[in-house]
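Beneath this line is the structure, given in structure tokens, with notes to follow.
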Amino acid sequence: MSYEMAKSSIIECLMKAPNRIVAGISKRIHGSAAGLPFEDWVKNTLKNCGLNVFLQEEFIGYIVKKLKESGFNAKAIENSIFEKTWWGPYVVSETQLKTALKNEKPPVYQQSLADIIVFYGRDLSRDLNDVLIINVKSHDESKLSRPPNIISALRVLEFGKDLLVKAQRYPNLIEKANIIFIGIYYAVKDSNAHITNIYVKDFFKLNVKVMPPINFDAAIQIQWHVRDMIEDPTIDKLTFLENLAEKYLNEWQIFMKERTRNVKEIIDELKRLIEFYRKHRSKLK
């Protein structure tokens, strides 16, 4: 199966999902915890469609088990994951891998680029790069809130740099690197989330020119509703990364210039007050 076939299968599966109710949703749950039931829903929905799908922490356990069965030792497994894949350290942590190698359940890796992973290859030992990363974002339609944090722009640029370094040895990695965002929009009734709309967007096809400004005050996050993302089918990954790098640098320079101006105003006022206090200290007592 190719990436395009896997993506088409995911979209078709989600759009035709017979069950669009996610149970046990509380309006008091906020932040990342609010998204966990939807990650499970996406995973189970895709699994029911016959896709080889895992939560991030499940995937590393699956990899280790399969590679051990194929005769890989611990060192070979580590080298295969971190040196020969496009996703390696951006999906799996060293702690997770060490835990899995001990045949123990890996902990959750909060910094992973993936919430869910679809393996669309045939033989894991040969097709370790046939991996599709899925990031799930959910939104309660009754709440007026700013667009969600999608991903750190700086981390994407670091990922792109490392990908291009690896691609000098393994050119097919650029083609294999794929991330999709799934946006789930819902309404809560009787502690159940009734899914109203589902959107699927290819991250490396997003039109950077219409992307909202990067929020440098919030962990350098790209903040964007999945439903508002605009894809440009004509661009490739290199163009996407090039456009994002240019956007990042331009907005960073504006941000730093404004911050420098604000800090300078505070410092100038502080110096003026210090000078005033020293000059009039005796009179102020």
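The values are calculated or read from the model by the stated rules, or taken from the named source; none is laboratory data. It should be emphasised that the depicted structure is a prediction, and the values quoted were computed from it without experimental measurement. Virtual Cβ from ideal backbone geometry, glycine too; neighbours counted across all protein chains shown.
Can you say whether Ser142 is out of contact with any Pro (no Cβ under 7 Å at 6 or more places or on another chain), closer than 30 Å to Ala187 by Cα and not in a strand (DSSP E or B), as far as the supplied structure shows? When the stated conditions are applied, Ser142 passes them.
Just one of the listed residues (Arg259, Arg227, Arg272) is closer than 23 Å to Val136 by Cβ and either assigned to a helix (DSSP H, G or I) or in contact with a Phe, Trp or Tyr (Cβ under 9 Å, 6 or more places away or on another chain) (or both), and it is Arg227. From the list Lys176, Lys137, Lys143, the one residue that fits, being over 24 Å from Glu242 (Cα atoms), out of contact with any Leu (no Cβ under 6 Å at 6 or more places or on another chain) and surrounded by 19 or more Cβ atoms within 10 Å (Cβ to Cβ), is Lys137. Looking at the range 192-204, is at least one residue assigned to a loop (DSSP other than H, G, I, E, B), at pLDDT below 95, over 17 Å from the mean Cα position of the chain (by Cα) and not basic (Lys, Arg)? Taking every residue of the range 192-204 in turn, none turns out to be assigned to a loop (DSSP other than H, G, I, E, B), at pLDDT below 95, over 17 Å from the mean Cα position of the chain (by Cα) and not basic (Lys, Arg). When you check Leu97 against the structure, is it at pLDDT 95 or above and surrounded by 14 or more Cβ atoms within 10 Å (Cβ to Cβ), yes or no? The answer is no for Leu97. In the range 188-202 there is at least one residue that is farther than 28 Å from Ser80 by Cα, touching a Gly at 6+ places or on another chain (Cβ under 6 Å) and touching a residue at least 12 places away in the same chain (Cβ under 8 Å).
Return the residue satisfying two criteria in turn: it lies in the range 24-61 and is among the aliphatic types (A, V, I, L, M), under 16 Å from the mean Cα position of the chain (by Cα) and at pLDDT 90 or above, and of such residues it is farthest from Val91 (Cα to Cα). Out of the qualifying residues, it is Val42. Residues in the range 125-134 include at least one that is touching an Asp or Glu at 6+ places or on another chain (Cβ under 8 Å), assigned to a strand (DSSP E or B) and at pLDDT 95 or above. The C-beta contact set for the range 265-285 (first residue at pLDDT below 90, second residue exposed (fewer than 10 other Cβ atoms within 10 Å of the Cβ), distance under 8 angstrom, 6+ apart or interchain) comprises Tyr277/Leu284.
Cβ-Cβ contacts under 7 Å between residues 6 or more apart (or on different chains), taken from a first residue in the range 84-112 that is over 23 Å from Asn172 (Cα atoms) to a second residue that is assigned to a helix (DSSP H, G or I) and among the charged types (D, E, K, R), are listed as Gln96/Glu57; Leu97/Glu78; Pro106/Glu57; Pro107/Glu57; Val108/Glu57; Tyr109/Glu57.
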